[in-house]
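**Q** Let me begin by handing over the structure; questions about it come next.
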């Protein structure tokens, strides 16, 4: 399949202006997302889109109360795209509304370089249907760091970094309960990306009561990295190992607050695999400037051990098409304040079918 350059857009101004431009620019992609998730919710949760909107109303009230600026942005997205406001809330709460029945399979890594700065990286795995609706987005707001992220059309926060050197990765976790009075994880990711430090992000999320669903947010800045195993019943924070590395896949490692049923048999295997591969690099003396995006893509993120549920994920034809995941992009972020940026590869790294290396910032 030929490479199609993703949409790149820069949003700036007030929350309403940012939302309006987002909605107008990505109108067709947002409507496509609604159609894709409508079919997916029907399959995973037996919910019609009207039923999805009813559940979204509970999250709407929470987002409005806890993060009014982001809520205003969501209103702008809906107006700009010409859709109902609850449609956009549903997209931003899609991880919560399906009661954890999604099958995202992502593998993430943080690595401390010898100068103390961090590399943050992951493969993002999801249904290939949404690939055409992904965008590379910059958000400029007064008094806040500029955000660079890869996100789904209509979603306000996801995987990326900011000019203060704070970066985020996400690993979905399937666990109950979901509590709608708390923040959807994609809104929580946006708050992390508006923070100027890991400590500030943790403080912001905790002060607002935490996250509505169980998730792992791998967050780092130029001096710190932290694996945040968040849940509506309590959080556990994972620190780097002796080599300065944190790795994660799609099950909780330490968080025992919630009822988690095993759901992706490949998740423990991927976790063991990424630990083995990163450990081999450490033994080979890889550190400092030797920890390059090319090396990480070649030695870790292109790995197909235990395919299709590999670090570089391939579709499993036995699964329903709405929840048939594959690696849609790889991102490797450098959080050194002297050279903050990221490389993004669209598709499966090392497959021969991936796109070229794209840079963030792209200007």
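The values are calculated or read from the model by the stated rules, or taken from the named source; none is laboratory data. Please read all numbers here as calculations on a predicted model, not as lab measurements. For neighbour counting, all protein chains shown are included, and Cβ atoms are generated from backbone atoms with ideal geometry for every residue, glycine included.
**Q** Collect the residues in region 106-137 that are within 20 Å of residue 279 (Cβ to Cβ) and in a strand (DSSP E or B), keeping them in residue-number order.
**A** Result: 107, 108, 109, 110, 111, 112, 118, 119, 120, 121, 122, 123.
**Q** Could you tell me whether any residue of region 339-352 is touching a residue at least 60 places away in the same chain (Cβ under 8 Å), assigned by TED's automatic domain parsing to the domain that holds residue 253 and part of a helix (DSSP H, G or I)?
**A** Scanning region 339-352 turns up no residue that is touching a residue at least 60 places away in the same chain (Cβ under 8 Å), assigned by TED's automatic domain parsing to the domain that holds residue 253 and part of a helix (DSSP H, G or I).
**Q** OK, next. Could you grab me the full set of residues in region 12-41 that are out of contact with any helix residue (DSSP H, G or I) (no Cβ under 8 Å at 6 or more places or on another chain) and under 15 Å from residue 321 (Cβ atoms)?
**A** Within region 12-41, 35 is the sole residue that qualifies.
**Q** Within region 45-62, does at least one residue satisfy the condition of being in contact with a strand residue (DSSP E or B) (Cβ under 9 Å, 6 or more places away or on another chain), under 30 Å from residue 340 (Cβ atoms), surrounded by 24 or more Cβ atoms within 10 Å (Cβ to Cβ) and at pLDDT 95 or above?
**A** No, region 45-62 contains no residue that is in contact with a strand residue (DSSP E or B) (Cβ under 9 Å, 6 or more places away or on another chain), under 30 Å from residue 340 (Cβ atoms), surrounded by 24 or more Cβ atoms within 10 Å (Cβ to Cβ) and at pLDDT 95 or above.
**Q** Could you tell me whether region 309-317 includes any residue that is surrounded by 18 or more Cβ atoms within 10 Å (Cβ to Cβ) and closer than 27 Å to residue 116 by Cα? Lay out the reasoning, then the answer.
**A** First pass over region 309-317, keeping only residues surrounded by 18 or more Cβ atoms within 10 Å (Cβ to Cβ): 309-313.
Add one more test, that the residue is closer than 27 Å to residue 116 by Cα, and what stays is 311.
Yes, that holds for at least one residue.
**Q** Hey, another quick one. Please state which one of 165, 157 is under 11 Å from the mean Cα position of the chain (by Cα), assigned to a loop (DSSP other than H, G, I, E, B) and either crowded, with 21+ Cβ neighbours inside 10 Å or not assigned by TED's automatic domain parsing to the domain that holds residue 354 (or both). Quick ask: steps written out before the conclusion?
**A** On the way: 165 fails: under 11 Å from the mean Cα position of the chain (by Cα).
None of the others qualify; the one that does is 157.
**Q** Could you list, in sequence order, the residues of region 62-86 that are touching a residue at least 60 places away in the same chain (Cβ under 8 Å) and either assigned to a helix (DSSP H, G or I) or not assigned by TED's automatic domain parsing to the domain that holds residue 36 (or both)?
**A** Within region 62-86, 62, 63, 66, 70, 73, 74, 76, 77, 79, 80, 81 meet the criteria.
**Q** Can you tell me which residues in region 215-238 are assigned to a strand (DSSP E or B) and closer than 21 Å to residue 96 by Cβ?
**A** Quick first cut of region 215-238, residues assigned to a strand (DSSP E or B) only: 215-220, 225-230, 236-238.
Correct list: 215, 216, 217, 218, 219, 227, 228, 229, 230, 236.
**Q** I need the full set of residues from region 277-286 which are in a helix (DSSP H, G or I) and either exposed (fewer than 14 other Cβ atoms within 10 Å of the Cβ) or touching a residue at least 40 places away in the same chain (Cβ under 8 Å) (or both), in order please. Explain how you work it out, then say what you get.
**A** First, pick out the residues of region 277-286 that are in a helix (DSSP H, G or I): 277-283.
The answer is 278, 280, 283.
**Q** Condition first: surrounded by fewer than 17 Cβ atoms within 10 Å (Cβ to Cβ) and touching a strand residue (DSSP E or B) at 6+ places or on another chain (Cβ under 7 Å). Now tell me which residues in region 11-44 satisfy that.
**A** The answer is 12, and nothing else.
Yes/no matrix, rows are residues, columns are (1) over 20 Å from residue 278 (Cα atoms); (2) at pLDDT 95 or above:
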| site | (1), (2) |
| --- | --- |
| 220 | no, yes |
| 224 | no, yes |
| 229 | yes, yes |
| 246 | no, yes |
| 251 | no, no |
| 257 | yes, yes |
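**Q** Condition check: out of contact with any helix residue (DSSP H, G or I) (no Cβ under 7 Å at 6 or more places or on another chain), closer than 21 Å to residue 62 by Cβ and crowded, with 20+ Cβ neighbours inside 10 Å. Does residue 194 satisfy that?
**A** When the stated conditions are applied, residue 194 passes them.
**Q** Right, residue 114: closer than 28 Å to residue 247 by Cβ, over 18 Å from the mean Cα position of the chain (by Cα) and at pLDDT below 95 or not?
**A** Working: closer than 28 Å to residue 247 by Cβ: yes; over 18 Å from the mean Cα position of the chain (by Cα): yes; at pLDDT below 95: yes.
So residue 114 fits the description; yes.
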